[in-house]
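For reference, the structure discussed in these notes is given below.
The values are calculated or read from the model by the stated rules, or taken from the named source; none is laboratory data. Since we're looking at a predicted model, the values are computed, not measured. Counting neighbours? That spans all protein chains shown, and the Cβs are built from the backbone with ideal geometry, glycine included.
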Amino acid sequence: MNTAQIKRFAQQARNILKKGVYTRLLMHGYNPKTRQVETEIQEISGGVVIDGKLIRDPLYAKQWNSLKKAIRTHGADAVAEEAAYTWFNRLMAIRILAKNGYIAPQLEYMSDTFQTTMIVSNARRGFHEKMDSASQEYLEELLQDDSRETELFTLLICRYCRESELLNRLFGRINDYTELLLPMDILAENGFIHLLNSSDAISDEDYQQVELIGWLYQFYISEKKDEVFASFKKNKKAEAEDIPAATQIFTPNWIVKYMVENTVGQLWLDLHPRDALRDEMHYLVENSDARSAPIIAEVADIHLLDPAAGSGHILVEGFDLLYRMYRTEGYTAREAVESILRQNLFGLDIDLRAVQLARFALLLKAANYYPEILKTDILPHIYAMPEADEFTPDEISQFLGSEGQAYHAELTEALELMQQAKNLGSVMKLSLTSEAREFIQKRVAEPPASRNLFNVQLWNRLTSFIDVLLVLTRKYNAVAANPPYMGSKNMNGGLKKYITSNYPDTKSDLFAVFMEVCLDL
């Protein structure tokens with residue numbers, strides 16, 4: 001794997017996609033001077049008119065209004081950055097899945113001579129996702145006009161992403177306005193699809209390595225990281241949105257193996273000191289003292305947490321080791337894979353993009369042993385820190401129900417601290433009594449049908465907090481992480497204040513704080 005070439009590819013991809021997204025913003029009425037969408041649309045039978053141009057897409061009006069609201073709320077730069085990485089993540093995921101034989105090729109060219117993507121070629125031969133009548137009519141119109149191939153590709157790839165259960169489970173559903181921001185030059189000679197198919201930066205062998213996902217993520221954000229570090233020289237502080245780029249480092253494989261073998265591996269060897277797996281762990285540090293008494297009774301008792309999971313490299317390596325342990329205990333491939341994902345591995349990160357890719361990497365690793373796992377609804381226990389979202393006392397009461405009111409104060413206190421989750425991450429000191437934790441865990445696991453008429457939207461909002469809360473309030477017998485590195489002088493006020501108050505002995509750098517966090521977990 002040539003990481004220098006992969007770095008150039010990822011940086012090129014980011015710049016191509018961001019430029020294309022900005023061009024799309026202008027097409028949809030964005031005014032860079034006022035930094036708002038000022039053009040109005042006129043809805044007519046069969047579509048909408050914008051700047052005198054008829055658009056037949058039946059979803060356009062709804063998506064355009066969502067785009068206008070997003071720019072007003074978050075700003076055009078944030079919307080463009082999000083749209084660019086959203087498309088990068090999904091298109092690379094489709095490519096990786098195809099290269100590993102889990103889905104049919106979609107983005108590859110038919111041939112070097114005919115540079116038409118397979119998804120477009122298949123549609124022209126009548127093979128495409130099912131559509132509603134309005135979209136089907138729009139599709140047939142596009143199929144009759146070869147000059148509108150980009151529109152056709154956009155319709156097809158958006159529909160593919162919308163209908164793919166696997167992509168939606170891993171990455172969530174695309175914001176409706178993000179579909180509007182797929183670059184118009186996506187198929188051009190200088191566009192992303194051409195780069196994807198013409199670049200030799202990623203070989204077929206590279207696509208078989210789960211490690212590729214982590215390198216792509218690190219290199220995609222590397223220019224953003226440079227920008228953040230340059231701002232430090234101007235005495236600017238790292239705001240919450242800067243922390244992922246400033247602190248994300250992809251961990252080399254030998255270091256990951258060292259950490260996993262001396263945590264997960266050692267727990268296993270304490271139980272099975274003569275197991276042949278010892279000979280395969282080349283980074284294991286042999287303990288010169290007497291053998292430790294085992295603290296697990298079986299492999300299912302091993303619980304590995306990475307509190308700064310990034311793109312999941314440590315958890316992926318942990319999966320490999322755990323799988324061999326399960327097979328030694330007589331589990332089938334299916335039983336081993338499902339148990340590892342349900343019982344053994346846990347991860348947290350402040351960056352949603354990293355979490356999505358970590359889940360993807362871990363499921364790809366699982367599929368190496370049991371491909372059918374991609375067709376199940378099982379997802380790794382890797383969670384992103386939630387965005388601030390305040391809950392009223394009544395909403396918390398609704399969640400707890402009549403039987404859980406005794407835990408109202410505990411949950412309220414935890415949720416109040418978690419309003420800072422995007423800034424503080426895993427350094428948050430959250431606590432629940434064992435009774436409260438057990439009740440909340442059972443409550444959140446209840447099937448939808450048993451929730452009476454509970455507000456589904458509220459439940460979904462709370463779940464993103466509860467998932468993180470439950471991970472941070474349990475104990476682990478194996479914790480491994482490549483911690484974020486950031487000196488206190490570069491921390492924003494909120495982060496520095498919390499760390500100074502709660503971690504006085506290690507407050508000088510985030511890496512030291514995380515060492516303390518890991519010991520407490």
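Restricting the stretch 44-57 to residues that are surrounded by fewer than 14 Cβ atoms within 10 Å (Cβ to Cβ) and assigned to a strand (DSSP E or B) leaves a set whose member that is farthest from the chain's Cα centre (by Cα) is ILE44.
Among the residues of the stretch 454-508, write down those that are part of a loop (DSSP other than H, G, I, E, B), in contact with a helix residue (DSSP H, G or I) (Cβ under 8 Å, 6 or more places away or on another chain) and free of Cβ contacts under 8 Å to residues at least 24 places away in the same chain. Those that are part of a loop (DSSP other than H, G, I, E, B), in contact with a helix residue (DSSP H, G or I) (Cβ under 8 Å, 6 or more places away or on another chain) and free of Cβ contacts under 8 Å to residues at least 24 places away in the same chain: ASP505, THR506, LYS507, SER508.
Residues that are of a type in the set (Asp, Glu), modelled with pLDDT of 95 or more, closer than 30 Å to ALA421 by Cβ and crowded, with 24+ Cβ neighbours inside 10 Å do occur in the stretch 310-321. When every residue of the stretch 393-406 is checked against the conditions, none turns out to be surrounded by fewer than 16 Cβ atoms within 10 Å (Cβ to Cβ), aliphatic (A, V, I, L, M) and under 25 Å from TYR498 (Cα atoms).
Take LEU411 and tell me if it is outside any helix (DSSP H, G or I) and not β-branched (Val, Ile, Thr). Break it down into steps so the answer makes sense when it comes.
Working: outside any helix (DSSP H, G or I): no; not β-branched (Val, Ile, Thr): yes.
So LEU411 fails the test.
Of the residues making up the stretch 267-287, one or more are assigned by TED's automatic domain parsing to the domain that holds ALA336, touching a strand residue (DSSP E or B) at 6+ places or on another chain (Cβ under 9 Å) and either part of a helix (DSSP H, G or I) or not basic (Lys, Arg) (or both).
Scanning the stretch 347-358 for residues that are within 27 Å of ILE296 (Cα to Cα) and surrounded by fewer than 24 Cβ atoms within 10 Å (Cβ to Cβ) yields a total of 0. Output the number of residues of the stretch 154-213 satisfying the condition of being basic (Lys, Arg) and either assigned to a loop (DSSP other than H, G, I, E, B) or closer than 30 Å to GLY318 by Cβ (or both). Adding up the residues that qualify gives 2.
Looking for whichever is assigned to a helix (DSSP H, G or I) and either out of contact with any helix residue (DSSP H, G or I) (no Cβ under 9 Å at 6 or more places or on another chain) or assigned by TED's automatic domain parsing to the domain that holds LEU362 (or both) here; the options are GLU140, GLU227, GLU151. Which one fits?
On the way: GLU227 fails: either out of contact with any helix residue (DSSP H, G or I) (no Cβ under 9 Å at 6 or more places or on another chain) or assigned by TED's automatic domain parsing to the domain that holds LEU362 (or both); GLU151 fails: either out of contact with any helix residue (DSSP H, G or I) (no Cβ under 9 Å at 6 or more places or on another chain) or assigned by TED's automatic domain parsing to the domain that holds LEU362 (or both).
Testing whether each residue is assigned to a helix (DSSP H, G or I) and either out of contact with any helix residue (DSSP H, G or I) (no Cβ under 9 Å at 6 or more places or on another chain) or assigned by TED's automatic domain parsing to the domain that holds LEU362 (or both) leaves just GLU140.
Give me the residue from the stretch 111-138 that is of a type in the set (A, V, I, L, M, F, W, C) and modelled with pLDDT of 90 or more and, out of that set, farthest from ASP57 (Cα to Cα).
If we take residues in the stretch 111-138 being of a type in the set (A, V, I, L, M, F, W, C) and modelled with pLDDT of 90 or more, then MET118 is farthest from ASP57 (Cα to Cα).
Out of the residues in the stretch 156-193 that are hydroxyl-bearing (Ser, Thr, Tyr) and under 22 Å from ALA70 (Cα atoms), which is surrounded by the most Cβ atoms within 10 Å (Cβ to Cβ)? Per the stated criteria, the residue is THR178.
Of everything in the stretch 433-453 that's at pLDDT below 95 and outside any helix (DSSP H, G or I), which residue is surrounded by the most Cβ atoms within 10 Å (Cβ to Cβ)? Checking each candidate, the answer is ARG451.
Applying the condition of being among the charged types (D, E, K, R) and part of a helix (DSSP H, G or I) to the stretch 318-353 and asking which residue is farthest from the chain's Cα centre (by Cα) yields ARG327. Of the listed requirements (1) among the aliphatic types (A, V, I, L, M); (2) surrounded by 16 or more Cβ atoms within 10 Å (Cβ to Cβ); (3) under 24 Å from the mean Cα position of the chain (by Cα), VAL456 misses just one: (2).
Taken as a whole, the structure leaves ALA421 outside the set of residues that are loosely packed, with under 13 Cβ neighbours inside 10 Å and either outside any helix (DSSP H, G or I) or at pLDDT 95 or above (or both). Take the residues in the stretch 16-43 that are more than 30 Å from the chain's Cα centre (by Cα) and among the polar types (S, T, N, Q); name whichever of them is surrounded by the fewest Cβ atoms within 10 Å (Cβ to Cβ). This residue is THR34.
Between LYS99, LYS130, the distinction of being free of Cβ contacts under 8 Å to residues at least 40 places away in the same chain and out of contact with any Pro (no Cβ under 7 Å at 6 or more places or on another chain) belongs to LYS130 only. Checked across the stretch 373-384, the condition of being touching a helix residue (DSSP H, G or I) at 6+ places or on another chain (Cβ under 6 Å), surrounded by fewer than 23 Cβ atoms within 10 Å (Cβ to Cβ) and farther than 28 Å from TYR220 by Cβ holds for no residue.
Scan the stretch 120-155 for residues that are among the aromatic types (Phe, Trp, Tyr) and loosely packed, with under 13 Cβ neighbours inside 10 Å and jot them down.
Selection gives PHE127 alone.
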